[in-house]
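Note sheet for the following structure.
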Amino acid sequence: MTQRPRGIEHIGFTVPDHDAAVSFLKEAFGATELFSLVRKSDDPMGADQLNQKNGLRPGSAIVAVSMLRLGNGPNLEVFEIDRPGHQHPLGISDVGMHHVSLNVDDIDAACARFEKAGGELMSGPYALTGQEEGQGNFGRFGLTPWGMLIEFEQFETPIQLDEDASEERWYPARES
């Protein structure tokens with residue numbers, strides 16, 4: 001058994017409206033809901049239960065949380081938390097995790113589906129540069145309805161790794 005992680009199992013994020021976010025993720029990305037740990041019809045889980053486990057701040061409570069499957073990559077854990085004095089979503093210039101990048105086969109189709117579901121696209125698609133530059137390699141950012149930054153990346157040409165790189169960059173397997 002190795003001490004090294006096998007990879008990312010899930011990415012958790014907090015949204016202002018759990019049900020609306022889950023619906024958006026299903027419509028925009030074809031995500032499937034696996035299970036709900038806490039439902040809105042349940043009693044909320046407060047900081048008194050969770051502060052020592054996950055740092056839930058005093059006065060906050062988990063109202064709903066579900067695990068979703070998204071293609072051939074990490075699962076998504078979607079939280080709605082009653083959080084008095086909440087802050088705005090992190091942006092790319094803030095400290096902390098600020099965006100999720102999705103590897104897509106057709107950036108135009110993926111972005112159209114995202115926009116149709118209620119996402120807001122930024123400029124692009126744009127040709128990737130630097131070591132990601134190549135024929136058919138494009139990127140584009142968008143914002144979910146709750147303000148989370150999503151990046152779409154399409155790679156048709158292999159990227160250039162550093163000469164001393166000891167591993168390949170991981171990509172989700174293509175669906176058959």
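According to the square roots a ≥ b ≥ c of the eigenvalues of the Cα gyration tensor, what is the shape class of segment 84-152, taking rounded for a/c under 1.5, prolate for a/b larger than b/c otherwise, and oblate for the remainder? Could the numbers behind the result be given before it?
Values: a/c = 3.01, a/b = 1.52, b/c = 1.98.
Since a/c reaches 1.5 but b/c is at least a/b, the shape of segment 84-152 is classed as oblate.
For the options Gln160, Gln52, Gln135, a Gaussian network treatment of the chain with springs between C-alpha atoms closer than 10 Å singles out Gln52 as fluctuating the most.
Report the charge-dipole magnitude of segment 8-85 in Debye, nearest 20, computed about the Cα centre from +1 at each Lys and Arg Cβ and -1 at each Asp and Glu Cβ.
Values: 7 positive and 11 negative charges, 30 e Å.
Taking the Cα centre of segment 8-85 as origin, the dipole is about 140 debye.
Of all DSSP bridge pairs formed entirely within segment 88-161, close to 65 percent run antiparallel.
What shape does segment 8-85 have by the C-alpha gyration tensor, where a ≥ b ≥ c are the square roots of the eigenvalues, rounded means a/c under 1.5, and otherwise prolate means a/b greater than b/c and oblate the rest?
Here segment 8-85 falls in the prolate category.
Shape analysis of segment 126-176 yields a ratio of the Cα radius of gyration to the Kirkwood radius, Rg/Rh, of 1.05. Other residues within the sphere of radius under 11 Å centred on the Cβ of Arg140, judged by their own Cβ, net out at -4 (K and R +1, D and E -1). A simple spin-label model places pseudo-atoms 7 Å from Cα toward Cβ; at Arg4 and Arg174 they are separated by 2.7 nm.
State, as an integer percentage, the relative contact order of the chain based on alpha-carbon contacts under 8 Å between residues 6 or more apart.
Details: 310 pairs, mean separation 34.2, N = 176.
Relative contact order, the chain: 19 percent.
Neighbours of Asp105 by Cβ distance under 15 Å: Lys/Arg scored +1, Asp/Glu scored -1, total -2. For segment 155-169 versus segment 108-135, the inter-centroid distance based on Cα atoms is 21 Å.
Mind checking the angle between helix 107-116 and the chain's longest principal axis? C-alpha axes, 0 to 90 degrees, to the nearest 10. Between helix and principal axis, roughly 30 degrees.
If R0 is 30 Å, the Cβ-Cβ spacing of Ala117 and Ala165 corresponds to a FRET efficiency of close to 0.25.
Rule-based calculations on the coordinates, nothing more; no lab input. The structure presented is a predicted model; accordingly, all values stated were derived computationally and were not measured. Backbone-built Cβ (ideal geometry, glycine too); neighbour counts: all protein chains shown.
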